[in-house]
Amino acid sequence: MSQPDPTTAARGIDPRSPRFGAGITALLLLVDLFLSLIGATAAAAILLLAIALLFAWGAFAGVQRHPYGALYRAVVRPQLKAPAELEDPAPPTFAQAVGLFVTGLGLVLFLVGLPAALPVAAALAFVAAFLNSVFGYCLGCQLYLLLVRARVIRHRAAA
């Protein structure tokens, strides 16, 4: 199959890559929610911590360097046609920060004695990941665009 053009790769990402990662994240969050609901809170907290660390990776290193993106590029992308257009990596990177905030807040609240925060955080993050993976609707990306339009944050150009 065709290889991505390095000159366009610097300007954007394959829009299917974040959806692929969101699918993996949604499955992990569903497992986490299940663990929380059956009372395996230690396992659920550890899994949510791992998910939060993956969100941190995407938020700070960028979605281009996220492990799910690497897996997509190595395994899935070679099996597909080139995308019709590339996507700005800034909104999905911001969405990773939103995921980190939600899961991190859930973990902190759980650790200070609010056990319901664990399944609530997992459920909220699951809904967002599910919407992205199944319908291509990225809540964090929409929040990013809203904040840029409102001039609350500045748009970061693709590297």
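The values are calculated or read from the model by the stated rules, or taken from the named source; none is laboratory data. Values in this document were obtained by computation on a predicted structure and should not be read as measured data. Glycine gets a Cβ as well: all are built from the backbone with ideal geometry, and neighbour counts include every protein chain shown. Heavy atoms of the whole protein, side chains included, go into the accessibility calculation; ligands, DNA and RNA do not. Shrake-Rupley method; radii C 1.70, N 1.55, O 1.52, S 1.80 Å.
Worth pointing out:
- When each of Gly106, Gly69 is tested for being within 14 Å of the chain's Cα centre (by Cα) and either among the basic types (Lys, Arg) or open to solvent by less than 20 Å² (accessible area, probe 1.4 Å) (or both), the lone residue that passes is Gly69.
- Scanning the range 108-120 for residues that are touching a helix residue (DSSP H, G or I) at 6+ places or on another chain (Cβ under 6 Å) and not small (Gly, Ala, Ser) returns Leu109, Phe110, Leu118, Pro119.
- Residue list for the range 42-66, restricted to those being surrounded by fewer than 14 Cβ atoms within 10 Å (Cβ to Cβ) and not aliphatic (A, V, I, L, M): Phe60, Arg65
- Matching residues, the range 83-114, being in contact with a Ser or Thr (Cβ under 8 Å, 6 or more places away or on another chain) and either charged (D, E, K, R) or modelled with pLDDT under 95 (or both): Leu86
- Residues located in the range 114-137, provided they are more than 14 Å from Leu30 (Cβ to Cβ), open to solvent by 60 Å² or more (accessible area, probe 1.4 Å) and of a type outside the set (A, V, I, L, M): Pro115, Phe135, Tyr137
- Leading residue by the ranking (farthest from Tyr68 (Cα to Cα)) among those in the range 16-41 that are open to solvent by 40 Å² or more (accessible area, probe 1.4 Å) and within 10 Å of the chain's Cα centre (by Cα): Arg19
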